[in-house]
Amino acid sequence: MMLVYQLKVGVLLLAFYLLFRLLLSRDTFHRLNRLTLLSMVALSLVLPWVQLSVERPSAVARSVVMVEGLLVSGVSGAAPESFSSASVAHWCFWLYYAGLLFFALREAWSLWQLRRMIGRAELAEEREGVRIYVADGDEAPFSWFRCVVLSRNDYEQGPRAILTHELAHVRCRHSLDVLLMNVLTIFQWWNPAAWLLRRELQQVHEFEADEAVLREGVDARQYQLLLIRKAVGDRLFTMANNLSQRALRQRIRMMSARRSAPVASLKLLLVVPVALLAVLAFAQPAVKKVAAQVESESRQALSEAIHEVAAVRKSEPSRQEPQPKRAEPKAPAAAGQQSYDVVEQMPEFPGGPKALMTYFATHVVYPQDAEEQGLQGRVVVTFIVNEDGSVSDAKVMRSISPSLDAEALRLVDEMPKWEPGVQSGKKVRVKFTVPITFRLMGEPTEPSASSASDAQDEASSLEVSSLASLPKTAYVIDGLRIPDDLSIDDLLQVADIASISVHKDAATLREYKAEGKTGIIYIHTKRVEK
């Protein structure tokens, strides 16, 4: 019977997940851990079919019989009047198969998008039987069986570690594992353990790929910086191996972790008693009777459900599900006019962020109509810093009023030349965003922080360089604990910061493993906020 079988599979997946999470997940035997996870999934699917008869059931076996007895009573008992002629089994199967259909369609949609992306990408080269495609736009790198897809920027100017990482996924055949786990989560959509096991397996995939990158001679510190820089804004597919940032903190820790001792692999033997306990728990004569009774109910329920669906389809006009909206692709920039969001060396106002705020304060002319109406707040302006340091293409991204918007644009347009951004040793055009905050003080005033939150944002733009000089302070960016040997200046640009907060309580220090530090500076970026 399908429902009883799925319940047993779910219990086994939960037991194996707890075993792996508590005892095996911190070991550095990445390939062995991958095989262990796949073996746990296989055992969870096979063990419920093992039939073992015992004369005196154990305490665990009696508990299983009790649970199945409750299931039988729920199936065979009289249904409430509000359910009309449908039994409890009808509703259980309706809910289960509705969820199964939903997640199957979701995975099919993801697979279709994946194939569509590969079909639209340009074949750049073929290396050792692996086809490498280049896609326009800012797509996250991913691999699917013998295909690797990179954005044009990553392929032409990105570090070689990105391609090495994706080729490692292909060589290790991680796509087969991903496909298997996605099918498992379709049938076990209701079971959190199935989703958690899939996440653990994907994390082990990343550990294997990271290890392959470091074996190729890539500098570990530079590779960690690359991972952090790509941690925000990537568009990922559930059906593919991505350069994923889901467990970035664990990946960085695993790269610098000491190799596990060989004797630690003996912990894998604990899978055997868990499997034997499961066989003993399921070895009940009543199981066949319970399964037959529930199966009879399920067949009847499924048959009625199919007839009901057929009747509804005949009586209702067909409706097509709305397609999810996709972002409009940007028109390709003219030759020599490509602009970047992030480069190796970001543009800088002469004198730094504080000099930029001083420029705004000394050059602002508060509009008379805005002063009379008491208008104040923050205008966010985005613009392009060209190769020669000049500013162009200024646009208001967050508006207050036409007069304040015009004053903000005037301030930006009249700025002196910046130090241009640099990518691969060449000066390039870079998109930059800056907040300009207006506040009335009773007389025409200079722009300043208009509220506590604005003051926090202002501080994030002015003082990020001084934060890096605090050796006793730990840093957390969007929930990610930054290793002490990495510099904040290498990871963030001032325009990317939305807010900064300071935490000194012991619970937060323990949560981010920052004991011995005077406090934690938590930085929340605008990209995550968006």
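Of all residues in the stretch 175-189, exactly one satisfies the criterion of being touching a strand residue (DSSP E or B) at 6+ places or on another chain (Cβ under 9 Å) and under 19 Å from Leu105 (Cβ atoms), namely Val178. Taking helices (runs of 4 or more DSSP H) as the structural unit, those lying wholly within the stretch 137-188 and holding at least 2 residues that are more than 19 Å from Leu225 (Cα to Cα), among the hydroxyl-bearing types (Ser, Thr, Tyr) and open to solvent by less than 10 Å² (accessible area, probe 1.4 Å) correspond to 174-187.
To keep it simple, each residue is scored yes or no on (1) more than 27 Å from Ala168 (Cα to Cα); (2) at pLDDT 95 or above; (3) under 33 Å from the mean Cα position of the chain (by Cα); (4) open to solvent by less than 10 Å² (accessible area, probe 1.4 Å).
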| position | (1), (2), (3), (4) |
| --- | --- |
| Leu22 | yes, no, yes, no |
| Arg31 | no, no, yes, no |
| Val46 | yes, no, yes, no |
| Leu52 | yes, no, no, no |
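A single member of Leu411, Leu404 is in contact with a His (Cβ under 9 Å, 6 or more places away or on another chain) and in a helix (DSSP H, G or I), and it is Leu411. Filtering the stretch 396-438 to residues that are open to solvent by 60 Å² or more (accessible area, probe 1.4 Å) and of a type in the set (S, T, N, Q) leaves Ser399, Ser424. Annotation note: of Gly351, Gly377, Gly389, the sole residue that is within 22 Å of Pro416 (Cβ to Cβ) and in contact (Cβ under 8 Å) with a residue 24 or more places away in the chain is Gly389.
Looking at Leu123, is it of a type outside the set (Phe, Trp, Tyr) and open to solvent by 80 Å² or more (accessible area, probe 1.4 Å)? It is true that Leu123 is of a type outside the set (Phe, Trp, Tyr) and open to solvent by 80 Å² or more (accessible area, probe 1.4 Å). For the stretch 194-211, the criterion of being more than 19 Å from Leu248 (Cα to Cα) and part of a helix (DSSP H, G or I) is satisfied by at least one residue. When each of Ser487, Ser501, Ser453, Ser460 is tested for being modelled with pLDDT under 55, open to solvent by 30 Å² or more (accessible area, probe 1.4 Å) and either in contact with a His (Cβ under 8 Å, 6 or more places away or on another chain) or not aliphatic (A, V, I, L, M) (or both), the lone residue that passes is Ser453.
The values are calculated or read from the model by the stated rules, or taken from the named source; none is laboratory data. Since the structure is predicted, the reported quantities are computational estimates derived from the model, not experimental observations. Every residue, glycine as well, gets a Cβ built from its backbone with ideal geometry; the counts of neighbours run over all protein chains shown. Surface areas here come from the heavy atoms of the whole protein model, side chains and all, with no ligands, DNA or RNA. Shrake-Rupley method; radii C 1.70, N 1.55, O 1.52, S 1.80 Å.
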